[in-house]
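The values are calculated or read from the model by the stated rules, or taken from the named source; none is laboratory data. In this text, all values refer to a predicted model and were calculated from it rather than measured experimentally. For neighbour counting, all protein chains shown are included, and Cβ atoms are generated from backbone atoms with ideal geometry for every residue, glycine included.
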Amino acid sequence: MDHSAPMGRVRVRFAPSPTGSLHIGNARTALFNYLFARKNGGTFVLRLEDTDRARSEERFETELMESLRWLGIRWDEGPDVGGGAGPYRQTERVALYRALAEQLVREGKAYPCFCTEEELEARRKDQLARGLPPGYDGRCRALTEGERQQRMAEGKPYTLRFKVPPGEAVAFEDAIHGPITFTSDALTDFILIRSNGMASYNWAVVVDDAKMGITHVIRGDDHISNTPKQILLYRALGLTPPRYAHHPLILGLDGKRLSKRHGATAVSQFRREGYLPESLAFYLVGLGGIVASDGPLKGMDEIVEAFDLARVSRAAAVFDHKKLLWINGRFIRELPIDTLLSHLAPFLETWGVADRFDRETLAAIVACGRDNAQTLRDFEAVFRIFTEPPTLDGTAFEGVERETARAILEIFAESCHQVVSLDEEGYITAAKAAMKRSGQRGRRFFMTLRKAITGTDHGPELAKILPILGKEEVIKRLKGALETL
Ligand code: GLU
């Protein structure tokens, strides 16, 4: 079957190796591909480059897909959803890589190489010692057919190497970096199939991209140096290479490549720390200069609208955790409560508060806490206000004389009795009346109430907390506090 895409129909892919958690740098690559596909009505393929058998693990595959889905990224074809160009795991495509490599051998464009690891390493050291660039010296290229047959008959392990054609110009127009030119003379014959039968990265990626009809390769610019090799392979196969777009990598504030030293780097970790997928997606796209991080917030549909590959910045993207945190706080304040609630659901489970409230109360608590929250984790303290009456001791009201504190609490409790309901309006009426009668106001008054009712001196507005607690509970807490005074 021919899987190449009809002309003009965009097909892109994200091709991670399942050897660890999804790093935000890779998540950004995935996002760019997804956005490009959606913007152009194209197809987005997820392909797992799991040829490193020792380091690839199923749990990483699962986490990777979960992280992508959480970010709002959906793929049209992939290992879990299938598709017409599968299989989508490289370990399931080994026969194809070998067959095509052998075809190149038959055409005289590749050859078996019997050099051992030790021989290669010794020659590499020698090259370095003599100040030469390391690379394969082409020794097995010169073997006669007889010599080849003999080594095969001896059962010597071999790799299949690509015969790099000499003196070929390799130029391509990168959608982000502009024209890039290489010469094949800078390359040495490289491996297509390893002695263990597995394809090299460059070979597998070209075979897959070609067979899967990929029209645009969007990836990190650490792959620019692989591109000439890949283009030569397309030529050897008699195929036209896809278009390339290499985006800059994400750096830490110190200008070094973003790593664990800089704090969280895995999408799953940001998720655990209470970041919203909306914030991370918006920030990662903002790092490419596609949306203004300080401008109006955008959801995925609006990001798709704004997306343009040609506008992705060429400058390195510097990751600033503080900025992301700030954006997260903005999303927490602006998203619909229902959206926040669904993001909060797993946290509520962990905190053991999921079943303690009806939906309406949950929504009210979220509305109450969102003004001061920067991450979803900040909601834990807000929920505790409602699930755990404060435990106060004699020192709770320090700074306010005992008699004054007593008077404020007693009088406010009476005022609460007098209002029909302690909704926001009832609270204001009760507070005003109590201020008048007690002669206390401002910080002393409100801090005393806050301490008595919530147990701490900070948190959401009392006008939002009290209506949720309700009159009865508020009076109960005031009494409890009075007992400690
Ligand atoms: N598995 C490669 C990576 O994660 C894919 C590179 C590519 O897109 O060609 O870097």
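Within the range 17-45, the residues that satisfy the criterion of being within 30 Å of residue 194 (Cα to Cα) and away from the ligand (no atom under 12 Å from the Cβ) are 21, 44. Here residue 5 clears all of (1) at pLDDT below 95; (2) aliphatic (A, V, I, L, M); (3) under 25 Å from residue 287 (Cβ atoms) except the condition numbered (3). Taking the range 293-315 as the range and being within 25 Å of residue 222 (Cα to Cα) and loosely packed, with under 15 Cβ neighbours inside 10 Å as the test, the residues that pass are 308, 310, 311, 313, 314, 315.
Among residues of the range 64-79 that are over 11 Å from residue 277 (Cβ atoms), those with a beta-carbon under 6 Å from a residue that is at pLDDT 95 or above and not in a loop (DSSP other than H, G, I, E, B) at least six positions away or on a different chain give the pairs 75/44; 75/46; 76/43; 76/44; 77/45; 78/46; 79/48; 79/89.
Could you list, in sequence order, all residues of the range 197-246 that are within 13 Å of the ligand (Cβ to nearest atom), in a strand (DSSP E or B) and out of contact with any Pro (no Cβ under 9 Å at 6 or more places or on another chain)? Answer for the range 197-246, where residues must be within 13 Å of the ligand (Cβ to nearest atom), in a strand (DSSP E or B) and out of contact with any Pro (no Cβ under 9 Å at 6 or more places or on another chain): 199, 218, 219, 244, 245, 246.
Search the range 146-203 for residues being without any contact (Cβ under 8 Å) to a residue 24 or more places away in the chain and on the phi > 0 side of the Ramachandran plot, and hand back the single one that is nearest to the chain's Cα centre (by Cα). Taking the candidates together, the pick is 178.
Residue pairs whose Cβ atoms lie under 9 Å apart, separated by 6 or more positions or on different chains, with the first residue in the range 440-453 and closer than 19 Å to residue 475 by Cα and touching a residue at least 60 places away in the same chain (Cβ under 8 Å) and the second among the aromatic types (Phe, Trp, Tyr) and not in a helix (DSSP H, G or I), are 451/397; 452/397. For the condition exposed (fewer than 15 other Cβ atoms within 10 Å of the Cβ), outside any helix (DSSP H, G or I) and not aromatic (Phe, Trp, Tyr), residue 133 qualifies.
Take the residues in the range 82-93 that are in a loop (DSSP other than H, G, I, E, B) and out of contact with any Leu (no Cβ under 8 Å at 6 or more places or on another chain); name whichever of them is surrounded by the most Cβ atoms within 10 Å (Cβ to Cβ). Checked the range 82-93; the qualifying residue surrounded by the most Cβ atoms within 10 Å (Cβ to Cβ) is 85.
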